[in-house]
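Below you'll find the structure, written out as structure tokens, and then a few comments.
The values are calculated or read from the model by the stated rules, or taken from the named source; none is laboratory data. This structure is a prediction, so every number in the text was calculated from the model and none was measured. Positions of Cβ are generated from backbone atoms using ideal geometry, with glycine treated the same way; all protein chains shown enter the neighbour counts.
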Amino acid sequence: MISAYGPGVARQLVGKSMAVLAAISVLIGGRWAAFSVQGLGTPSSAVARSTSHDALWLGHSWVDGRENEADAAALALQLRGTGITDVFVHVGPLNDDGTLDPAKAPRAEWFVDQIRTSIPSVRVQAWLGDEVEPVGAMNLEDPAVRAHIVASARAVMARGFGGVHLDLEPIGDADPGYLALLSAVEPVVHAAGGVLSVSGEQVEPVPGMRWAMEAVAGRDAWWSVGYLHQVAERVDQIALMTYDTELWSESAYAGYVRDETERALAAVPKNVALLIGLPAYHDMHSLGHSSSAETVGAALRGVKLALPDGTPTDRRFGVALYVDFAATPADWSAYDSQWAPTADTLLAGRSPGPIF
């Protein structure tokens, strides 16, 4: 997702890559057709609703002066009664060398204070991102770049944030520089009393399929379940970006999200919060994203199909909406009706636990 200013080059490039991969998946075992089958059926009657571990990505306007007190109050009102307990507000982007200019977010402290005062149950995390090689110019294999990112994380924590959310794309499977970065950032964020969160690449639906992608596009865009596990071991929270799939029907997309959710639940340790990304945006010209297929409702259907026994109670599990400035009333309605916590789920003992 990278940019919080609107649909950008990063998503277009990812979309093109996913288009190639979708075509390959049709040829390899008919997996694309299988997603449509996985999207059929009725979710279990067991309770599968929010346990108040959900999240929302927020655009840059909240920290650069475009929003005011009335806007912040309206946001707090919108979040009350939902299961959203984390917001990732865009304070970057990072420079390619890993440094961050604090002047890009002159109202960061103001926004953190507004949310902390009006809705203290919501934690505000600093969303830092950039495009990495070969799509962008950031080289995570360079120790100096990693050291700068660590310093940037330390700097935003000093501004009052409750955590750091890293969105570096695209990260290939088995990238050692990324693992080294996470291992270096985590203790810095923890020392400041915060949590480390990341945006994760999608998980390959067929073991080895990522090699087909690499052969055609020159860059691995999906993770193996093993690499997802390695990443998750180094963070407190991971949000899978389960969109830009080049799937053109809601049933196929729901089946895809079901598959991603099942694989992620098996790979991510239970002491790490797992979020499934929801596409609350509507690119009209993206080659990888069909707004008529990739809907919040279809994604939630896929999530619920993956939870036949209801929402897990032995781990922090939720969904994350991308992104506030593009979300429509229909997106919020789907979230409210299909996932937001209800009185019944709370009475059933699925009340919110500690945030962390």
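Some points to look at:
- For residue 130, the criteria (1) assigned to a loop (DSSP other than H, G, I, E, B); (2) under 17 Å from the mean Cα position of the chain (by Cα) hold in every case but one, which is (1).
- Complete set of residues in segment 243-276 that are under 13 Å from the mean Cα position of the chain (by Cα), hydroxyl-bearing (Ser, Thr, Tyr) and modelled with pLDDT under 95: 243
- In segment 291-336, the residues that are buried (at least 17 other Cβ atoms within 10 Å of the Cβ) and of a type in the set (D, E, K, R): 294, 301, 304, 315, 316, 324, 331
- Residues of segment 202-222 that are at pLDDT 75 or above and either of a type in the set (A, V, I, L, M, F, W, C) or surrounded by 18 or more Cβ atoms within 10 Å (Cβ to Cβ) (or both): 202, 203, 204, 205, 206, 222.
- Residue check, residue 72 at pLDDT 50 or above and assigned to a helix (DSSP H, G or I): yes
- Residue among 254, 264 that is touching a helix residue (DSSP H, G or I) at 6+ places or on another chain (Cβ under 6 Å) and either surrounded by fewer than 21 Cβ atoms within 10 Å (Cβ to Cβ) or in a helix (DSSP H, G or I) (or both): 254
For (1) modelled with pLDDT of 95 or more; (2) crowded, with 23+ Cβ neighbours inside 10 Å; (3) farther than 26 Å from residue 228 by Cα, each residue gets a yes or a no:
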position	(1), (2), (3)
116	yes, no, yes
126	yes, yes, no
143	yes, no, no
155	yes, no, yes
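- Meets criteria (modelled with pLDDT under 90, among the aliphatic types (A, V, I, L, M) and in a helix (DSSP H, G or I)) for residue 184: no
- So residue 283, is it surrounded by fewer than 24 Cβ atoms within 10 Å (Cβ to Cβ), under 15 Å from the mean Cα position of the chain (by Cα) and touching a residue at least 12 places away in the same chain (Cβ under 8 Å): no
- Segment 188-201, subset in contact with a strand residue (DSSP E or B) (Cβ under 9 Å, 6 or more places away or on another chain) and assigned to a helix (DSSP H, G or I), residue surrounded by the fewest Cβ atoms within 10 Å (Cβ to Cβ): 190
- Residues within segment 83-103 that are part of a loop (DSSP other than H, G, I, E, B), in contact (Cβ under 8 Å) with a residue 40 or more places away in the chain and of a type in the set (D, E, K, R), tallied: 2
- Close contacts from segment 264-276, counting a first residue that is over 14 Å from residue 307 (Cβ atoms) and a second that is β-branched (Val, Ile, Thr), with Cβ to Cβ under 6 Å and a gap of 6+ residues or different chains, come to 267/225.
- Failed condition for residue 10, given (1) under 23 Å from residue 152 (Cβ atoms); (2) at pLDDT 75 or above: (2)
- Scanning segment 55-69 for residues that are surrounded by 14 or more Cβ atoms within 10 Å (Cβ to Cβ) and either basic (Lys, Arg) or not in a loop (DSSP other than H, G, I, E, B) (or both) returns 55, 56, 57, 58, 60, 61, 62.
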